[in-house]
Amino acid sequence: MAKKVTEKAINLDTILFNCRNILRSASNSGSFFEKRDMMLTLVFLRFIGEKYEDGLVKLRERIIKEGLDPDDENIQAAFFDDATFTDGTYNLPKEARWSTIINTPAPSLNVALDTALVAIENESNQLKGCFVKSTFTTRNLGANDIKKLVDEVNKISHKQFGEEKDLIGRVYEYFLKEFAVNATKEEGEFYTPHDVVQLIAAMVEPYDGTLYDPCCGSGGMFIQSAALVKSKQGNLNGINVYGQEKEAATYRLAKMNLALRGISHNLGDASISTFVKDLHKGLYFDYIMANPPFNLKPWYDSEYGNVKWGDYPTPPESNANYAWILHMLFHLRPKGVAGFLLANGALNDSDALDIRKKLIEEDKVEAIVVLPRELFITTDISVTLWILNQNKKGGKYHDRMQRNREHEILFMDLRTWTDNPVKNENKKKVLLSSLDSKDSDNVKVNVIGQIERAAKIYHDWQCEGVDGSNYAVPELYRSVKVYNKQLTEEEIKKSVNTVESMGWVLTPSKYIEFIDHDLNIDFDKEMKRIQQEMIEVVETEKKSQGMLESAFEGIGYGIKKN
């Protein structure tokens with residue numbers, strides 16, 4: 001009986017690997033950035049085309065349910081010729097549909113692709129500026145190369161890989177890694193992995209109102225937040241997103257990404273650095289989520305230097321960490337919450353001590369969470385999640401009653417959460433698991449839910465009925481008081497640390513209890529065991545030496561003894 005052959009599921013990395021090889025071998029595929037633009041644009045056309053086709057299927061089903069014939073000429077003219085969709089799906093002209101592109105003869109593909117892009121921009125104001133003009137005809141890949149590339153992209157489907165994920169962002173991440181874009185740690189061009197974004201979203205909970213990201217990259221923060229909103233209440237109309245991005249290519253990518261999801265957005269009218277021109281000056285937001293470039297320098301601009309920093313000292317020019325913090329703080333509404341990533345150096349940077357002290361004294365800092373290393377593919381730098389909160393006095397927040405947490409800070413250390421390795425990576429890489437985590441082979445990782453666990457620790461600490469003075473688990477988290485005067489006599493006797501007593505440093509390891517596991521070792525017993533093992537090793541070596549001497553003497557050779 002013949003064995004049944006099971007076809008291996010299509011892997012996204014395999015498809016992208018094939019595309020990379022096609023572009024690398026093509027004689028005129030251009031620079032990294034041109035390769036990236038071609039790939040991202042193709043993926044966008046594939047996704048937007050597939051959503052359009054899905055929309056037509058749903059439209060046919062709805063018409064049939066209403067007792068109408070979808071193939072009737074009059075029905076076709078009324079509903080299909082200029083279709084309207086309510087879920088953000090774009091009505092595409094014929095030349096921009098994926099069915100048209102995939103069936104275009106290879107010699108005509110470059111022209112057909114650029115024609116599709118022009119048609120989409122003409123149809124939608126929101127998609128204007130998303131594409132580089134003449135992307136494909138300028139490079140003019142050989143007919144065989146462009147055909148192979150389109151056929152490979154045709155294998156990517158949101159039905160298979162999950163439309164709730166930031167798939168365009170995932171493609172962007174892959175090409176950053178594989179083509180080694182010239183982004184240094186200082187420049188900080190890092191794609192934020194979806195599990196990290198999920199963690200920030202799960203803790204901040206941007207369910208309604210306005211959400212802002214001053215360095216939005218490919219829009220991943222917005223995509224994962226939208227997924228969280230849909231899982232909780234199913235209505236994306238309750239939240240509006242605002243962003244800004246300085247890199248032109250990434251700005252275009254973000255607009256593509258948000259357009260695909262039907263997410264209402266305002267990214268300003270151009271790509272420009274937040275520190276050169278604040279496109280949303282004077283606006284205040286309910287939530288802020290961001291992953292600013294780590295340790296950005298130089299960041300200081302003479303024009304931006306005229307900005308007033310309120311009652312805070314001017315941020316140091318050495319790097320932009322505290323400039324980002326104050327920028328976000330000044331854009332928060334009176335009860336707003338911000339969750340953002342910074343390099344660990346910001347926790348104890350002596351150049352910014354005065355700013356950090358004032359932030360703590362004015363009760364803006366609510367939680368500090370150190371994350372595991374190896375979360376990012378393009379860097380292994382260790383980072384911290386900061387949470388600022390304009391209202392630590394308590395009250396109702398979403399579906400919970402929060403207690404008064406004034407002059408308390410929650411510290412968490414998740415550096416040991418490295419038990420979920422990611423497969424098929426060239427370097428060590430881990431992810432934070434969630435209830436629906438899957439690895440790169442689409443296999444469920446586990447049901448521990450590290451993201452949910454971390455969010456629960458934070459939310460429980462916020463809630464009524466929790467004693468912040470005793471909220472701690474050794475080597476994981478601890479609630480810490482800011483001032484020495486808050487301590488009881490018993491806490492003073494125990495030399496309990498406060499943020500004030502530690503010199504306004506925010507490094508979690510300074511506060512979270514460390515357990516010396518060596519204290520549980522019976523040293524006398526261990527020494528006897530080690531000594532016995534050494535005796536046995538010596539005896540074994542003596543026996544081996546004796547056997548070797550006997551063997552050589554037996555064949556007429558002698559061994560000189562010392």
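General observations
- Candidates are the residues of region 507-519 that are at pLDDT below 75 and either over 29 Å from Leu371 (Cβ atoms) or among the acidic types (Asp, Glu) (or both); the one that is nearest to the chain's Cα centre (by Cα) is Asp516.
- Considering residues of region 457-474 that are in contact with a helix residue (DSSP H, G or I) (Cβ under 9 Å, 6 or more places away or on another chain) and in a helix (DSSP H, G or I) only, the residue nearest to Ile387 (Cα to Cα): Tyr458
- Any hit, region 265-279, residues being in the same structural domain as Tyr458 (by TED's automatic domain parsing), buried (at least 19 other Cβ atoms within 10 Å of the Cβ) and in contact with a Ser or Thr (Cβ under 6 Å, 6 or more places away or on another chain): no
- Qualifying position, being closer than 18 Å to Ala352 by Cβ and buried (at least 20 other Cβ atoms within 10 Å of the Cβ), among Ala320, Ala259, Ala254: Ala320
- Pairs with Cβ under 7 Å, 6+ apart, first in region 467-496 and in contact (Cβ under 8 Å) with a residue 40 or more places away in the chain and assigned by TED's automatic domain parsing to the domain that holds Lys456, second surrounded by fewer than 16 Cβ atoms within 10 Å (Cβ to Cβ) and of a type in the set (A, V, I, L, M, F, W, C): Pro474/Ile515; Glu475/Phe514; Glu475/Ile515
- Residue ID - modelled with the highest pLDDT, chosen from residues in region 120-132 that are within 12 Å of Tyr90 (Cα to Cα) and surrounded by fewer than 19 Cβ atoms within 10 Å (Cβ to Cβ): Glu121
- Some residue of region 317-327 being out of contact with any strand residue (DSSP E or B) (no Cβ under 8 Å at 6 or more places or on another chain), under 18 Å from Val482 (Cβ atoms) and part of a helix (DSSP H, G or I): no
- Leu113 being closer than 18 Å to Ile156 by Cβ and either part of a helix (DSSP H, G or I) or in the same structural domain as Val132 (by TED's automatic domain parsing) (or both): yes
This table checks each residue for (1) outside the structural domain of Phe294 (by TED's automatic domain parsing); (2) buried (at least 21 other Cβ atoms within 10 Å of the Cβ); (3) free of Cβ contacts under 8 Å to residues at least 60 places away in the same chain.
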position	(1), (2), (3)
Lys335	no, no, yes
Ala338	no, yes, no
Leu341	no, yes, no
Asn348	no, no, no
Ile355	no, yes, yes
Ile360	no, no, no
Lys364	no, no, yes
Lys392	no, no, yes
Asp399	no, no, yes
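- The lone exception for Asp82 - which of (1) in a loop (DSSP other than H, G, I, E, B); (2) at pLDDT 85 or above it fails: (2)
- Taking region 332-422 as the region of interest, the strands (runs of 3 or more DSSP E) fully inside it that hold 3 or more residues being touching a Leu at 6+ places or on another chain (Cβ under 6 Å) and of a type in the set (Val, Ile, Thr) are 365-370.
The values are calculated or read from the model by the stated rules, or taken from the named source; none is laboratory data. Predicted model, so just to flag it, every value in this text is computed and none were measured. Virtual Cβ from ideal backbone geometry, glycine too; neighbours counted across all protein chains shown.
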